Amino acid sequence: SLLPLPFFDRSSQKTALCTASCSEQCSCSWDIGQQRFWNVTVTVENPLGKKTATDVFDINHRIYPSAPFQVWEKCTDTEITLHWNHQNNGIELFCQAEVLQPDGKVELHNISGTASRQRRLTVPGLQPHTEYTVRVRCAAAKHFWSWSDWSQPQTIRTEEATPSGKLDIWREITPALGGRNVTLFWKQTPSFRANGRIISYEVTWEKIEDGSKPESISFSSVYNSTRIFMDNHSYRISIMAKNNVNFSLPSVLIIPRATDNSTSILSTEELKEGRVNGTDDGIFISWEPRRKYDSYIIDWCDFPKSQPCDLQWKRFGPNTSSAVIKSAAFVPGMRYKFHIYGSVANRASLLEKKTGYLRELPPGSDPSVKNVKLTYNSVTLSWDSYLTNESDVGFVRGYHVYVSPIKGNCSLKGSKKHILSDGSELCKYTIENPEEKRYTVEHLMSNTKYKLAVKAFTGGGETPIVNFRYIDTPCNSNMLYFVFLIVIVPTLVAAICHWKMKWVKECCCPVIPSPNKSKVLSFKEFKIGSEKVLKINDCIPDVLAVDNKAEAQKL
């Protein structure tokens, strides 16, 4: 612990009556009178010893002014003039003002010379109708030593001014009896500054052809859209924002003439609808740029299933041909439609239509298999077309057909293996045409029980297989016929042959007669040994052939 600290003034060889007891930071005050130069010694002491420190100074070089007070201001739409009071006691002060911007940025403005003596500061270049927080501090202009404390902060709002920039406006046109319903939308863009409190919006429209008197209507600041009926003439529409000072510059939109409303609608519907894909940030959209347009507009509905659907739009420059559309309202599994317009001279024309998802989800239902045709080695499946509409959670890209025998694994030719969560194995066939409604699985085994399923898939995949359809392939009739030919027919023939053995033997193996028993040789006239000899003159042969000349000579 520290003992009391005595302060000594060595210049006057007197001990100042100033002591302090503290452990860390200490302070001490005394009356300086008329003395200007001081030699101050501070002594710190505890039971272990003491130390001293000496400082020599001129009190005119150690001025610590009191904080400015009674700060007040005058302001216009772009500047603030600050006024304040302070106790300077004849000392020239140098002051500084701190201006806190709405975005948190701090600006420091130094005040010296006449302005400091007049205790006044003008801060220019401010935004109209904007709050700023200001405070002031001062220090000695000569022999700067320390700033004073800050004055109490003052929150000041600048005056209003005429709105700067233009509103961003858009329209939606729907056919109606005798004309069109035109829904107008408007919003403030980052480049638009209200410069005050917007109290109303002024909507004006007039026919372009006949120069008729314009019509106008005023809406409260809480509105951002309105619907107006227009006939088939072309119209010029302008919308302005108004605050307590004046109107903003008008934003202009041209509604073209509808010479043939039905033809116009037909051409819109005939535009081919392209598909777009979602990204991590939003939905990516690209289009073919055209040189004649000075800007492009994309519109869409944040809530497609609601009425109204909360139409949104975004503008792009002439050199842009792609964009990522972001919205906090985008959710997976919701189909969004986008229309891309080209604009020139405030006239917009529909160029392309796109549709897509932030992220596709698997289909909520499976195709309904209506017909199954079986052969001994194939099965043909037929199903209804998968109905695609705006309520789908993804684009159907095709179908998967799964087949497997009840017993054993599947290894059909042309298929891929698919393993279920329970470890069982299926054969998988992929049909990449979403319009296909029929598929034949071949190379099945006859007289076998199979399970099968048909699943639709999207960019988000497919749902797990829950229900199977079971089939039994019939026996192979060709095989039965072959067995009949190979086994049954020979057996039957053998039985018949055994039953009619004598008849078969006579037909197939007749008895060859012996020449000795022939009636032809029943003569007695000529005999050589035991053999009878037929005389040639006993018969008239057709042809006479002698086989053995020696025998012939003998005869």
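Give me the dipole magnitude in Debye, nearest 20, for the stretch 313-378 about the Cα centre, with unit charges on the beta carbon: positive for Lys and Arg, negative for Asp and Glu.
On the way: 11 positive and 3 negative charges, 42 e Å.
The dipole magnitude comes to about 200 debye.
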Q: Name the residues whose placed amide hydrogens come within less than 5 Å of the amide hydrogen of Thr130, ignoring near sequence neighbours (fewer than 5 apart) on the same chain.
A: Thr158
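Determine, from the Cβ-Cβ distance of Leu420 and Thr133 and an R0 of 56 Å, the FRET efficiency 1/(1 + (r/R0)^6), rounded to the nearest 0.05. Can you show the working numbers first?
Numbers: r = 66 Å, r/R0 = 1.18.
FRET efficiency, Leu420 to Thr133: 0.25.
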Q) If you plug each phi of the stretch 312-323 into the Karplus form 6.51 cos²θ - 1.76 cosθ + 1.60 with θ = phi - 60°, what whole-Hz ³J(HN,Hα) values come out, in order, with x for Gly and Pro? A) 10, 8, 8, 9, 9, x, x, 9, 9, 10, 7, 6
(Q) Please compute the length gained on full extension between Thr78 and Thr375, using 0.36 nm multiplied by the number of residues separating them and subtracting their Cα-Cα distance. (A) 98.0 nm
Q: May I ask for the net charge around Glu435, where only other residues with Cβ less than 14 Å from the Cβ of Glu435 are counted and Lys, Arg are +1 while Asp, Glu are -1?
A: 0
Q. Hey, what do the phi angles of the stretch 56-61 turn into as Karplus ³J(HN,Hα) couplings, whole Hz, using 6.51/-1.76/1.60 and θ = phi - 60°, x for Gly and Pro?
A. 10, 7, 9, 5, 6, 9
Q. Which whole-angstrom value gives the distance between the alpha carbon centres of the stretch 333-351 and the stretch 101-167?
A. 47
Q) Could you give me the ³J(HN,Hα) list for the stretch 219-224, computed from phi with Karplus coefficients 6.51, -1.76, 1.60 and θ = phi - 60°, whole Hz, x at Gly and Pro? A) 10, 5, 5, 7, 8, 9
Q | Cα pair distances exceeding 19 angstrom across the stretch 273-415, given as percent | A | 63
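Structure shown: which of Lys314/Lys337; Lys373/Lys455; Lys416/Lys451; Lys373/Lys437; Lys207/Lys326 lie over 25 Å apart, alpha-carbon to alpha-carbon? Let's see the in-between values first.
Working: Lys314/Lys337 14 Å; Lys373/Lys455 19 Å; Lys416/Lys451 16 Å; Lys373/Lys437 14 Å; Lys207/Lys326 36 Å.
Among Lys314/Lys337; Lys373/Lys455; Lys416/Lys451; Lys373/Lys437; Lys207/Lys326, the Cα-Cα distance tops 25 Å for Lys207/Lys326.
Tally Lys and Arg at +1 and Asp and Glu at -1 over the other residues with C-beta under 14 Å from the C-beta of Leu249: what net charge comes out? Each step should come with its number before you reach the end.
Details: positive: Lys166, Arg193, Lys242; negative: Asp168, Glu202.
Taking every other residue near Leu249 into account, the sum is +1.
FYI, it's all coordinate maths here, none of it is from the lab. If you're wondering where the values come from, they're calculated on a predicted model, not measured in any experiment. Positions of Cβ are backbone-derived with ideal geometry, glycine not excepted, and every protein chain shown enters the neighbour counts.
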